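Below: the structure, in structure tokens.
Since every read-out is calculated from the coordinates, none of them should be taken as a lab result. Keep in mind that this is a model prediction, so the values were computed, not measured. FYI the Cβ positions are ideal-geometry reconstructions off the backbone, even for glycines, and counts take in every protein chain you see.
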Amino acid sequence: MNRIRRSINAAVNPISTAATRWWCHSALRHALTGHGPTARQRRLIRHGPPGVRFTPSAEQMEARKKAIDDLLARAEREV
């Protein structure tokens with residue numbers, strides 16, 4: 001993938017991801033199509049089950065960071 005396309009994808013992907021996430025969890029989708037989460041389900045998606053919170057540890061975040069860096073380095077070598 002060339003650098004121009006990569007920069008375009010970097011700009012467009014967050015926007016399309018946000019739009020898709022909104023549509024998949026929206027009341028409008030449920031009202032128009034009859035599919036999708038109800039208000040109660042949307043509340044659970046947004047806030048999670050009561051009393052349950054997940055925060056990754058510093059080691060998990062460091063492992064994720066290393067994996068992403070390795071992936072990006074590999075992609076740069078392939079270009």
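Relative to the longest principal axis of the Cα atoms of the chain, helix 3-24 runs at roughly 10 degrees. Shown in residue order for the stretch 30-41 are the 3J(HN,Hα) couplings computed by the Karplus curve 6.51 cos²θ - 1.76 cosθ + 1.60 at θ = phi - 60°: 5, 5, 7, 10, x, 10, x, x, 7, 4, 5, 5 Hz (x for Gly and Pro). Of Ala19, Ala58, Ala27, the residue with the greatest mean-square motion in the GNM of the chain, using alpha carbon springs below 10 Å, is Ala58.
Simple point charges give the picture: +1 on the Cβ of Lys and Arg, -1 on the Cβ of Asp and Glu, and for the stretch 1-43 a dipole about the Cα centre of about 120 debye.
Report the residues of the stretch 4-26 in range of a label on Thr33: point 7 Å along Cα→C-beta, backbone N strictly under 16 Å from it. Those under the cut-off are 17-26. Taking springs between alpha-carbon atoms closer than 10 angstrom, which of Ile45, Ile15, Ile68 fluctuates most in the Gaussian network model of the chain? The residue that fluctuates most here is Ile68. When the charge dipole of the chain is built from unit charges on Cβ atoms (+1 for Lys and Arg, -1 for Asp and Glu) and taken about the Cα centre, the candidate among Leu44, Ile15, Val79 whose Cα reaches farthest toward its positive end is Leu44.
Put a dot 7 Å past the Cα of Ala18, heading toward its Cβ, do the same for Arg6, and the two dots end up 2.4 nm apart.
Under the rule of -39500 (n - 2.57) per DSSP H run of 4 or more residues, summed and divided by the residues of the chain, what mean residue ellipticity at 222 nm is obtained, to the nearest 500 deg cm²/dmol?
On the way: 4 runs with 59 residues, N = 79.
Dividing the helical sum by the residues of the chain leaves -24500 deg cm²/dmol.
Convex hull volume of the C-alpha atoms in the chain, normalised per residue: 123 Å³.
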